[in-house]
Amino acid sequence: MLEKWLGVVCGKNNIDTIDENNCNNIHINGKKVRGTVVLMKKNVLDLTDVGASLLDRFHEVIGKGVSLQLISADHAEPGNGCTGKLGKPAFLEKWISTLTSISAGDATFNVTFDWDESMGVPGAFIIKNYHHSQFYLRTVVLEDVPGHGELHFVCNSWVYPARRYKYDRVFFANKTYLPSNTPEPLRPYREQELLSLRGSGSGKLKEWDRVYDYAFYNDLGFPDKGPDYVRPVLGGSKEYPYPRRGRTSRRATKTDPMSESRLPPLGLDIYVPRDERFTPVKLSDFLAYAVKSLGQVLIPEIVALFDKTINEFDSFEDVLKLYEGGIKLPDHHLKKLRQCIPWEMLKELVRSDGEPFLKFPMPDVIKVDRSAWRTDEEFGREMLAGVNPVIIRRLQEFPPASKLDPEVYGNQTSSIKREHIEKNMDGLTVDEAIECNRLFILDHHDALLPYLRRINTTKTKTYASRTLLFLQDNGTLRPLAIELSLPHPQGDKHGATSLVFTPADEGVEGTVWQLAKAYAAVNDSGYHQLISHWLNTHATIEPFVIATNRHLSVLHPIFKLLQPHFRDTMYINALARQILINAGGILELTVFPGKYAMEMSSIVYKNWVFTEQGLPADLLKRGVAVPDSSQPYGLKLLIEDYPFAVDGLEVWAAIKAWVDDYCSFYYSTDDMIRDDTELQSWWMEVRNEGHGDLKDEPWWPQMQTRAELVEACTIIIWVASALHAAVNFGQYPYAGYLPNRPTVSRRFMPEPGTPEYAELESNPDVAYLKTITAQFQTLLGVSLIEILSRHASDEIYLGQRENPEWTSDVEPRQSFQRFHDRLVGVENRIVERNNDSRWKNRNGPVKVPYMLLHPNASGDNSESGLTGKGIPNSVSI
């Protein structure tokens, strides 16, 4: 109980409770403070829970309402030296007579407090919910507070019945204090709130618990189901290091005590702190779209259906039917599907009005031109402006070398020769092209080759690829060669066996070149989904979410800075562990590494460096930029027409300027950074617990200066907002048409003299489609990325805040407005560049303008769905 803890921290061990009657026996001079409370009642999806609403009304009738009790920020309680004076409890008025909409929405209630002016200004309040059900408390606004005027409390939290808590629920006014500046009467409440959020580290967590704690990724496998569902525990070992996830406290599996048990296949009731779950509007949106991803209950039914009727796409026209006409289902199959899950959940997927089954929106990449995706120019452009523009790097040695251990893997140096590429380099030699920064590489060799032996024992048949490209005078990239490598048949120590393919336009050579590009695209698609997207945004941000809530009070300036960028991240990650990245999940079914996918991401995490996640450092590391103090961002891009980098640097600079302004307001000296106990605890835990497997790495910032704080917060915000937007929301526009970005290859490159090679000559389109993702996987994969690429209808974008009263401090609010205005300027310049014909890579042959880093700060939430633009504040889908 808070009261017992207060007795200890105040040095009054004999105090067991605070006598509320004594607290309220204060002189009242007649001053009434009126308040307005905005909340949302308990709901089911986006509908009010009518039963719960009736029970709450009954509790009101018998005198069990909702009380609020103000806490003074200025004066301590007599006899309880360090806690703020408490006002009389005041109850929400007219709960019974206040009508609320059947759709989940806000309701407004009045509350009237007796407040003695001698008690100063309230700094917090205690709320007690004596109803049957929880509600979501948005805001409390006090009018005409003596000595202050209007006072705002931004709450945004679910409040469960008081019987569910072992402590008081306390909410603070929208003031901002460093720990050392906190008014003494509020300090115990600040410290107790953090203790409550940290929890005990053990025990079963219930839905009303608000505990943030850490766990390994030990819930991906399900060993009780059999050996096919065993997966290694990620995190906590040198072999499989990984960022931490939120603890859910489920029991261990029977087969392996180190693995956590799983919920039923479609169970969404995964523990995360209640305030981290989706809003009702977003959950409703998500489920309406998620039904198209079919889910594991539907998979056996649909596999059986496809086995009988559809196995392959027979032509590219057949693929287009997914978008133009859909696939008709006989009535008896509709009945089977309706038996699997409720009809309401199927209405987006199967319509009773005769609309086709699985009809998808037309992806942007084929909207204007059905075949431009096949061009070499578009193949190269998507490395700069597609869904994975963060891998390409400058080639600085020839032939390309490997960093794999030669003692284990032998000689892995590339087999690409000068004669393969110099014929297409506008008269330059390799050495000249390297000297003038004209050669680039998309290199997936080292990450994939160690796993190929195991991957190729499955239905997948693929290679590790290297793609070399030449920067042309018009700023576009020309592919020069693609190397496809396999482990040596005599053993890893013998190196690799490799094939090199060069561009061709016609005949069987042209078809072979298209297939070589497809194998490279398969590599890039898998690496994108596992590393660029999942690992480098979703997984690496979650430890920051947990540590921030455990160690930074809601009163702390850095909490207020970062909290919008953590919205929904823990819940979407929990859902991913449940249905996407788990053993047998959708990712394993649709992306080529299959059961080895997450294990591969763990190996890549070994080389993760926090300070390299910022955009300038990333560009310099990949060699696509060089330091140049005369340039606006301190570097010069070596590919001038690099849409992701050009737009990204503007967004990065805007974020950093905002963070610098904000941090400078609260920290005037470096000593204040070092003396901030909450900040130091936060950073220590991020390093030692959240990313504990890398805690001994020398690159961690020491968090001793304001410059380190600014850089760290800028990186966190960049990764959670802009980087995630760049690698997520382009998925459907580019990969919604699977031939452009296949995720699986099912057979090796056909060899001359084989029936498969003859098919390349006689029916190249069919040969291509037989090589890449099969139809069922295509339907499942396209369904998934359609969901992931949609903006929610309640999206909050970079440069926007959910509540304008997020802080009472004027200067930070003015700084935030400047940040917003700067982002609007970025938007305008992005549109101008897209309309400038000089920049070939802005639209490309497919005529898709690069808008993924268009912030949409000036937009509104009416632009939801597949917009292809907008930077949400957080990793929220």
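Numbers for the structure displayed
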quantity: Subset tally (residues that are open to solvent by less than 10 Å² (accessible area, probe 1.4 Å), modelled with pLDDT of 95 or more and polar (S, T, N, Q)) for segment 546-581; calculated: 4
quantity: Contacts under 8 angstrom Cβ, first residue in segment 117-138 being over 19 Å from His152 (Cα atoms), partner open to solvent by 40 Å² or more (accessible area, probe 1.4 Å) and assigned to a strand (DSSP E or B), 6 or more apart; calculated: Ser118/His75
quantity: Odd one out for Arg454, checked against (1) under 30 Å from the mean Cα position of the chain (by Cα); (2) touching a residue at least 40 places away in the same chain (Cβ under 8 Å); (3) open to solvent by less than 40 Å² (accessible area, probe 1.4 Å); calculated: (3)
quantity: Some residue of segment 396-410 being of a type in the set (A, V, I, L, M, F, W, C), at pLDDT 95 or above and closer than 19 Å to Asn740 by Cβ; calculated: no
quantity: Residue count, segment 599-610 (criterion: open to solvent by 50 Å² or more (accessible area, probe 1.4 Å) and among the β-branched types (Val, Ile, Thr)); calculated: 1
quantity: Any pair with Cβ under 6 angstrom, 6 or more apart, that starts in segment 687-701 at a residue that is farther than 14 Å from Lys238 by Cβ and ends at one that is open to solvent by 70 Å² or more (accessible area, probe 1.4 Å) and in a loop (DSSP other than H, G, I, E, B); calculated: Arg687/Lys695; Asn688/Lys695
quantity: Answer from Pro698, Pro742 - the residue that is more than 23 Å from the chain's Cα centre (by Cα), at pLDDT 95 or above and not polar (S, T, N, Q); calculated: Pro698
quantity: Tally of residues being more than 20 Å from Pro161 (Cα to Cα) and modelled with pLDDT under 90 across segment 35-93; calculated: 9
quantity: Qualifying helices (runs of 4 or more DSSP H) (wholly inside segment 689-798; at least 2 residues being within 30 Å of Leu283 (Cβ to Cβ)); calculated: 706-718, 724-728, 775-788
quantity: Test: residue in segment 793-812 that is out of contact with any helix residue (DSSP H, G or I) (no Cβ under 7 Å at 6 or more places or on another chain) and open to solvent by less than 20 Å² (accessible area, probe 1.4 Å); calculated: yes
quantity: Hey, Val824 out of contact with any Leu (no Cβ under 6 Å at 6 or more places or on another chain), touching a residue at least 12 places away in the same chain (Cβ under 8 Å) and aliphatic (A, V, I, L, M) or not; calculated: yes
quantity: Those residues of segment 389-432 which are in contact with a helix residue (DSSP H, G or I) (Cβ under 6 Å, 6 or more places away or on another chain), open to solvent by less than 40 Å² (accessible area, probe 1.4 Å) and farther than 23 Å from Val626 by Cβ, in sequence order; calculated: Ser402, Leu404, Gly410
quantity: Scope segment 192-224; condition open to solvent by less than 30 Å² (accessible area, probe 1.4 Å) and among the small types (Gly, Ala, Ser); matching residues; calculated: Ser196, Ala215, Gly221
quantity: Segment 504-516, subset open to solvent by 10 Å² or more (accessible area, probe 1.4 Å) and part of a helix (DSSP H, G or I), residue nearest to Leu788 (Cα to Cα); calculated: Gln514
quantity: Filtered residues of segment 128-149 (kept if aliphatic (A, V, I, L, M) and open to solvent by less than 10 Å² (accessible area, probe 1.4 Å)); calculated: Leu137, Val140, Leu142, Val145
quantity: Filtered residues of segment 642-657 (kept if over 19 Å from Pro872 (Cβ atoms) and open to solvent by less than 10 Å² (accessible area, probe 1.4 Å)); calculated: Tyr642, Pro643, Ala645, Leu649
quantity: Residue match in segment 149-161 (condition: over 22 Å from Cys82 (Cα atoms), at pLDDT below 95 and either out of contact with any strand residue (DSSP E or B) (no Cβ under 9 Å at 6 or more places or on another chain) or among the charged types (D, E, K, R) (or both)); calculated: no
quantity: Residues that are at pLDDT 95 or above and surrounded by 24 or more Cβ atoms within 10 Å (Cβ to Cβ), drawn from segment 843-872; calculated: Gly844, Val846, Val848, Tyr850, Leu852, Leu853, His854, Pro855, Ile871, Pro872
quantity: Qualifying residue in segment 492-502 (condition: farther than 28 Å from Pro643 by Cα, open to solvent by less than 20 Å² (accessible area, probe 1.4 Å), at pLDDT 95 or above and in contact with a helix residue (DSSP H, G or I) (Cβ under 9 Å, 6 or more places away or on another chain)); calculated: yes
quantity: Candidate set: segment 612-627, residues that are closer than 18 Å to Arg438 by Cβ and either in contact (Cβ under 8 Å) with a residue 40 or more places away in the chain or out of contact with any Pro (no Cβ under 8 Å at 6 or more places or on another chain) (or both); chosen: the one surrounded by the fewest Cβ atoms within 10 Å (Cβ to Cβ); calculated: Val626
quantity: Qualifying residues in segment 354-368 (those that are surrounded by fewer than 20 Cβ atoms within 10 Å (Cβ to Cβ) and within 27 Å of Gly648 (Cβ to Cβ)) - the one modelled with the lowest pLDDT; calculated: Pro361
quantity: Any chance Asp821 is open to solvent by 10 Å² or more (accessible area, probe 1.4 Å) and in a loop (DSSP other than H, G, I, E, B); calculated: no
quantity: Residue among Ser815, Ser783 that alone is touching a helix residue (DSSP H, G or I) at 6+ places or on another chain (Cβ under 9 Å), over 30 Å from Phe559 (Cα atoms) and touching a residue at least 12 places away in the same chain (Cβ under 8 Å); calculated: Ser783
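The values are calculated or read from the model by the stated rules, or taken from the named source; none is laboratory data. A quick note: this is a predicted structure, and the numbers were derived from the prediction, not measured. Because the Cβ atoms are built from the backbone with ideal geometry, glycine has one as well, and the counts that use them run over all protein chains shown. What goes into the accessible areas is simple: the full protein's heavy atoms, side chains included, and nothing from ligands, DNA or RNA. Shrake-Rupley method; radii C 1.70, N 1.55, O 1.52, S 1.80 Å.
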